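Enquirer: My structure is below; once you've seen it, I'll send some questions.
Coordinate-derived values only; no laboratory data. Bear in mind the structure is a predicted one, so any value in this text is a computation, not a measurement. Don't worry about glycine lacking a Cβ; one is built from the backbone with ideal geometry, like all the others, and counts go over all protein chains shown.
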Amino acid sequence: MSLWGDIELTDIRRETSSNGIPDTLVKRLQSVVSLKMAGRLNLPTPVLKEMLALASKSPRLTSLSLYSAVDVTEEMLIDLFTSTSSPLKHIDLSFCHHIGSDPVLTLISHHPNILTLNLSHTSFTDDGLLSLHQLTNLTDLSLEGCFNLTRTSMSQFLQNHFPPRLSRLNLSYLFTVLGEWLAQLDSDIKFERLDVRYAENITKRDVRGLKERWNGCEVLSTAKLETDDERGWRQYVDEIINAEYY
């Protein structure tokens, strides 16, 4: 991808002045393919809004990465997703703790052909989760650290509202995931990579079952218990004692 089409605005203050956005940056934003922002930009809100509005005019915009972009509000995202005519394919909102489901619901409505979606450590909620099945081309999804998701909605998502082409899923750090729900996923689902690290309710037995069902699937796990019952806990404690003794 050419530098002209790939814009990273992490150090955007260097390219702006009291006179506003330089003409060269205006032109680049209007034809951008991949737009990246990260961290605190420390730009006046009107300037940031104008930049996103310019990017929305690009007929080539397909990728948006806003890792921990705390200055970008939900309203800005909703406006961007609504006004962008180019079909977005890749969205990364990871560590935007202030972003909830409303922008994602707008994204689903206006850009249903999304391929990858990273919602790690956002304030994503149940209503958004149960709408993701509408993204029929979605192949890669991260819900790592989405602590607002409830056990009830996660069960419904995995059993009845699962995107049909999803093959890479990150559920790490979630306490709302059970191995039996993953085991009951539709037989048509073909996983390539499943991340359940620090998902407290996933056991070693669950991991073995997942690997057996999806042969060749990379399953990432930090499971400590063989089974999540009294016997499993006793075995785990014995392993710790034996390890300390020897």
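Enquirer: Counting helices only, and only those DSSP H runs with n ≥ 4, report the 222 nm mean residue ellipticity of the chain as the sum of -39,500 (n - 2.57) divided by its residues, in deg cm²/dmol to the nearest 500. Kindly include the intermediate steps, with their values, before the conclusion.
Expert: Numbers: 9 runs with 84 residues, N = 246.
One gets -10000 deg cm²/dmol as the mean residue ellipticity at 222 nm.
Enquirer: Also, quick follow-up: Using 5 Å bins from zero, what percent of all Cα-Cα pairs in the chain falls into each bin?
Expert: 1, 6, 12, 16, 16, 13, 10, 9, 7, 4, 3, 2, 1, 0
Enquirer: Oh, and also: Can you tell me what percent of all Cα-Cα pairs in the stretch 169-245 are more than 15 Å apart?
Expert: Numbers: 1655 of 2926 pairs.
Cα-Cα pairs in the stretch 169-245 separated by more than 15 Å: 57 percent.
Enquirer: If you put +1 on each Lys and Arg Cβ and -1 on each Asp and Glu Cβ, how big is the dipole of the stretch 194-239 around its Cα centre, in Debye rounded to 20?
Expert: Using Cβ point charges on Lys, Arg, Asp and Glu, the stretch 194-239 gives about 140 debye.
Enquirer: Might you report the magnitude of the Cβ-based charge dipole of the chain about its Cα centre, with Lys and Arg at +1 and Asp and Glu at -1, to the nearest 20 debye? Provide the component values of the computation, followed by the final result.
Expert: Values: 24 positive and 32 negative charges, 142 e Å.
Dipole about the Cα centre, nearest 20: 680 debye.
Enquirer: OK, next. For THR152 and HIS110, FRET efficiency with R0 = 45 Å and r from the beta-carbon atoms, rounded to 0.05?
Expert: Details: r = 28 Å, r/R0 = 0.62.
In this case the efficiency is close to 0.95.
Enquirer: Considering every pair of different Cα atoms, what Kirkwood radius, in Å, is found for the stretch 76-174?
Expert: 13.2
Enquirer: Step by step: find N for the stretch 15-67, compute 2.2 N^0.38 Å, then divide the Cα radius of gyration by it. What's the final number?
Expert: Scaled against compact globular proteins, the figure is 1.09.
Enquirer: Could you give me the ³J(HN,Hα) list for the stretch 171-177, computed from phi with Karplus coefficients 6.51, -1.76, 1.60 and θ = phi - 60°, whole Hz, x at Gly and Pro?
Expert: Along the stretch 171-177, the couplings run 10, 5, 6, 8, 8, 9, 10 Hz.
Enquirer: Then there's this: Can you give me the distance in nm between label points at LYS57 and THR222, each placed 7 Å from the Cα along the Cα-to-Cβ direction?
Expert: 4.7
Enquirer: Using a 7 Å offset from the Cα along the Cα-to-Cβ direction at both GLU50 and GLU8, what is the distance between the two label points in nm, to one decimal?
Expert: Result: 2.5 nm between the two label points.
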